[in-house]
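Worksheet for the structure shown next.
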Amino acid sequence: MPLPKVEKIWMNGKFVNWDDAKIHVLSHVIHYGTSWFEGIRCYDTPKGSAVFRLDEHMKRLYDSVKIYRAEIPYTIEELTQAVIETIKVNKLKQCYIRPIVFRGYYELGVNPMNCPIDVVIAVWEWGEYLGKEAIEKGVDVRVSSWRRPAPDTLPMMAKVGANYMNSQLIKMEALVDGYAEGIALDYNGFVSEGSGENIFIVKDGVIYTPLISTGILPGITRISVIQISKDLGYEVKETLIPREMLYIADEIFFTGTATEITPVRSVDRIKIGCGVPGKITRSIQNIFYDIVKNGNDPYGWLTWVK
Ligand code: PPE
């Protein structure tokens, strides 16, 4: 599906027309994957438009850049304000927000340090991530034959363009084989995450999710769901999860900005629980969607656009 165009894109401090937001083919990012980005959602609630956990997303962006010895030439406050302005200038009530920082055009060669840091913020409308009905009925997934990188190869805590080549392999393999998504194991063979989402497993009333050290992105939806689950009175364990625990789980669900909270109904064609979204998944979904869809925000997680 082609991107649904909006009017303006914020590029290095200025608004440019969607069609003019271009870079040179010899930009460093194109050759070596030198980019850091975020995915954020703005929701249309009855109380007005609101961005979910904007501050946490922006902090993660600055952290991603720092890991690579680079620096964003704007303060976090400036860039946060620019996100809000980009939503407003495009007159969108709800949208997906993609701030992206990259090494631009100057010289080539692996050393990135002389190339400029360019900053872009784009917004567009992005609906269901894992297909229609996924959030209601759940998705069928497989365990990927591709693993997440070992900890001393690529830093997976950084949300970096290059990391998504690994995600692309996981995703393509799953789609070609008739699944909605793939679950990658980490380099030791423990459950890690999906190509673009974190994973939670429910077994005997306890909620489990993989450790940060298993090659996962530290998801903002993940920490939000951990908080919601604890407040609902559930025990949450961040721990190593063996592959077979997926098969005997009572419930499984994915979390992520694009995917929100999507139940998993089968793994490797093995039915999870009754093959329909479980009770605990539902109760967490209910709180999450009450925040983002209805604007009922006991946690102060929403930034109002007006
Ligand atoms: N793991 C990965 C690898 C990942 O890309 C995401 C977000 C998550 C976990 C969940 O993180 P969070 O959004 O902070 O809860 N993936 C983004 C990009 C997806 C894409 O296809 O592009 C997203 O969901 O916006």
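The values are calculated or read from the model by the stated rules, or taken from the named source; none is laboratory data. In this text the structure is predicted, and so the values were computed from the model without any measurement. Neighbour counts run over all protein chains shown; Cβ positions are idealised from the backbone, glycine included. The area values use the complete protein model at the heavy-atom level, side chains included, leaving out ligands, DNA and RNA. Shrake-Rupley method; radii C 1.70, N 1.55, O 1.52, S 1.80 Å.
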### Query
Which number in (1) under 21 Å from Y164 (Cβ atoms); (2) at pLDDT 95 or above; (3) open to solvent by less than 60 Å² (accessible area, probe 1.4 Å); (4) among the small types (G, A, S) marks the one condition that G131 misses?
(2)
#### Entry: So D177, is it surrounded by fewer than 20 Cβ atoms within 10 Å (Cβ to Cβ) and over 18 Å from R147 (Cα atoms)
no
### Query
Is it true that G300 is outside the structural domain of S192 (by TED's automatic domain parsing) and either in a helix (DSSP H, G or I) or surrounded by fewer than 19 Cβ atoms within 10 Å (Cβ to Cβ) (or both)?
yes
### Task
Restricting attention to the range 100-121, report how many residues are of a type outside the set (A, V, I, L, M) and out of contact with any strand residue (DSSP E or B) (no Cβ under 8 Å at 6 or more places or on another chain).
6
### Query
Which strands (runs of 3 or more DSSP E) sit wholly inside the range 107-202 and have at least 3 residues that are outside the structural domain of I270 (by TED's automatic domain parsing), more than 18 Å from the chain's Cα centre (by Cα) and away from the ligand (no atom under 13 Å from the Cβ)?
117-124
#### Entry: Residue check, W36 away from the ligand (no atom under 16 Å from the Cβ) and modelled with pLDDT of 95 or more
no
### Task
Check the range 49-66 and report whether any residue there is in contact with a helix residue (DSSP H, G or I) (Cβ under 8 Å, 6 or more places away or on another chain) and of a type in the set (G, A, S).
yes
### Query
Of the numbered conditions (1) among the aromatic types (F, W, Y); (2) over 25 Å from S64 (Cβ atoms); (3) crowded, with 22+ Cβ neighbours inside 10 Å, Y289 satisfies every one except a single condition; which is it?
(3)
### Query
Using beta carbons and a limit of 8 Å, which pairs, at least six apart or on different chains, have the first residue in the range 292-306 and touching a residue at least 60 places away in the same chain (Cβ under 8 Å) and the second one open to solvent by 60 Å² or more (accessible area, probe 1.4 Å) and assigned to a loop (DSSP other than H, G, I, E, B)?
N294/P46; G295/P46; G295/K47; W304/K47
